[in-house]
Amino acid sequence: MDAARLAEQRSAHATVDLSVIVPMFDEEAVLPLFAARLRPVLDGLVADGLIATYEVLAVDDGSRDSTPVLLVKERRTWANLRVVRLRANAGHQAALSAGLARCRGDWVASLDADLQDPPEVLRDMLECATRDGVDVVYGIRTDRSTDSHFKRRTARAYYRLMRATVGNHVTSDAGDFRLISRATVDAVNSLPEHNRVLRLVIPALGFPSGEVGYRREARAAGQTHYPISRMIRLTVDSLTGFTIAPLRVATWAGLGGAVLTGLLFGYALLAYLSGRVVPGWTSTFVAVAGVGAVQLLCVGILGEYVGRLYTQMQGRPSYFVAHDSLDDDLGE
Ligand code: UDP
Ligand code: MG
């Protein structure tokens, strides 16, 4: 079946009231627990008439363990589970974007597979959205006591930096646990941006929003996939995607350097005139090393933006979909 016909059939296919996007990377340890906890919550929403239909869109982000096998197994008994498999590991944000591009829900929630975001909160989010008539409901981590000391400190530093550079519309402690309307999903999908950091992109769209507080739980099983290198990557993507403030570091460093050079020149001239010229190894060394470091930093910052422009220009998608179980259901 050609791509155009498939897309046509997919859009003609009935939409659902709620899509729940769950990015998964090597989550075999937590998957059975996750399904056992999420399913009663969603079936309960249907039973209580909050929604009539739903899909759980598991985005398998190129897992190398038995996650895909377990998902196929789970699907045999849970028809609402839809599995989108990416060809290779594309990262948490790209997996979320893949989910947003394919979900069919009028409302779309995203949550982590490790049960750190309690699925029960989805009910509060739906109620908040309908009661307050908002397009976006953020899950706010009111209690992070189960996170490690290091994680809490780095998270605080991240949100402080984002609020200072990107703007105050960034909600502190709002991760990727949220509910958004179809209008918001379509707005996000229409952005051409690569490496988008959704927790910054969505507030920037300016849709009316509400908040629901929740207690961040401990990971139910398995291990985190956010080592320090990925945290740094997320911070760099967040900054370069939203602000050119770091580029101004070069300007300010240059200005500061010029003032300092002026002062040093005056000092050198006085020293020369008074005949107190000393060998001066330390000052030369410090000046050369200092200027070199600032220059490298500025070139590095420039490089980050040039790199971003380059990947954007190539236009290559940030993920490749290998398989979508909906295509099987549609009888491809
Ligand atoms: N994840 C993903 N791709 C990755 C890394 C993580 O899809 O490359 C998923 C992971 O399976 C989980 C969510 O993103 O559902 C959050 O990851 P994790 O729990 O490891 O991060 P943490 O909560 O420790 O920040
Ligand atoms: Mg987690």
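The values are calculated or read from the model by the stated rules, or taken from the named source; none is laboratory data. What you see is a predicted model; the values in this text were computed from it and never measured. Note that we place each Cβ from the backbone using ideal geometry, even for glycine, and neighbour counts take in every protein chain shown.
Can you pull out every residue in the stretch 300-332 that is within 16 Å of Ser97 (Cβ to Cβ) and of a type in the set (A, V, I, L, M)? Scanning the stretch 300-332 gives Val321, Ala322. In the stretch 77-96 there is at least one residue matching the filter, namely being closer than 23 Å to Asp328 by Cα, small (Gly, Ala, Ser) and either part of a helix (DSSP H, G or I) or within 13 Å of ligand 1 (Cβ to nearest atom) (or both). Looking only at residues of the stretch 42-73 that are of a type in the set (Gly, Ala, Ser) and away from ligand 2 (no atom under 16 Å from the Cβ), we find that the one that is nearest to His225 (Cα to Cα) is Gly62.
Scanning the stretch 168-191 for residues that are touching a residue at least 60 places away in the same chain (Cβ under 8 Å) and surrounded by fewer than 17 Cβ atoms within 10 Å (Cβ to Cβ) yields a count of 2. Among the residues of the stretch 104-116, some residue qualifies, meaning at least one is surrounded by fewer than 18 Cβ atoms within 10 Å (Cβ to Cβ), more than 24 Å from Arg216 (Cβ to Cβ) and either more than 15 Å from ligand 1 (Cβ to nearest atom) or at pLDDT below 95 (or both).
Considering (1) part of a helix (DSSP H, G or I); (2) within 16 Å of ligand 1 (Cβ to nearest atom); (3) touching a Phe, Trp or Tyr at 6+ places or on another chain (Cβ under 8 Å), the lone condition that Ala129 does not fulfil carries the number (2). The residue pairs whose first member lies in the stretch 25-37 and is on the phi > 0 side of the Ramachandran plot, whose second member is at pLDDT 95 or above and assigned to a helix (DSSP H, G or I), and whose beta carbons are closer than 6 Å, counting only pairs six or more residues apart or on different chains, do not exist in this structure. When the test is whether a residue is surrounded by fewer than 13 Cβ atoms within 10 Å (Cβ to Cβ) and in contact with a Gly (Cβ under 8 Å, 6 or more places away or on another chain), Thr130 does not pass it. Checked against the criteria, Ala101 counts as within 16 Å of ligand 1 (Cβ to nearest atom), within 20 Å of Ala204 (Cα to Cα) and within 16 Å of the chain's Cα centre (by Cα).
Figure legend. Inter-residue proximity from the stretch 213-232: first residues in a loop (DSSP other than H, G, I, E, B), second residues among the small types (Gly, Ala, Ser), beta-carbon distance below 6 Å, spacing 6+ or different chains. Indicated pairs: Ala221/Ala29; Gly222/Ala29.
Taking (1) within 30 Å of Asp329 (Cβ to Cβ); (2) within 13 Å of ligand 1 (Cβ to nearest atom); (3) of a type in the set (Phe, Trp, Tyr) in turn, Tyr158 satisfies each apart from (1).
Residues are listed down the side, and each one gets a yes or a no for (1) buried (at least 16 other Cβ atoms within 10 Å of the Cβ); (2) among the acidic types (Asp, Glu); (3) assigned to a helix (DSSP H, G or I):
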site	(1), (2), (3)
Leu33	yes, no, yes
Ala36	no, no, yes
Leu45	yes, no, yes
Ile51	yes, no, no
Ala58	yes, no, no
Val69	no, no, yes
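Of Ala258, Ala221, Ala245, all but one fail to be within 16 Å of ligand 2 (Cβ to nearest atom) and aliphatic (A, V, I, L, M); the exception is Ala221. Look at the stretch 118-131: where a residue is more than 19 Å from Phe34 (Cα to Cα) and a partner is hydroxyl-bearing (Ser, Thr, Tyr) and modelled with pLDDT of 95 or more, sitting 6+ places away or on another chain with Cβ atoms under 8 Å, you get Ala129/Ser181. Scanning the stretch 204-232 for residues that are surrounded by fewer than 16 Cβ atoms within 10 Å (Cβ to Cβ), modelled with pLDDT of 90 or more and among the charged types (D, E, K, R) returns a single hit, Arg215. Residue check: is Ala52 under 23 Å from the mean Cα position of the chain (by Cα) and touching a residue at least 24 places away in the same chain (Cβ under 8 Å)? Here the answer is no, as Ala52 does not meet what is asked.
Report yes if Arg163 is free of Cβ contacts under 8 Å to residues at least 60 places away in the same chain, within 16 Å of ligand 2 (Cβ to nearest atom) and not small (Gly, Ala, Ser), otherwise no. Considered against the rule, which asks whether it is free of Cβ contacts under 8 Å to residues at least 60 places away in the same chain, within 16 Å of ligand 2 (Cβ to nearest atom) and not small (Gly, Ala, Ser), Arg163 comes out as no.
Taken over the stretch 308-332, the criterion of being closer than 25 Å to Asp237 by Cα, modelled with pLDDT under 85 and surrounded by 11 or more Cβ atoms within 10 Å (Cβ to Cβ) is satisfied by Arg308, Thr311, Gln312.
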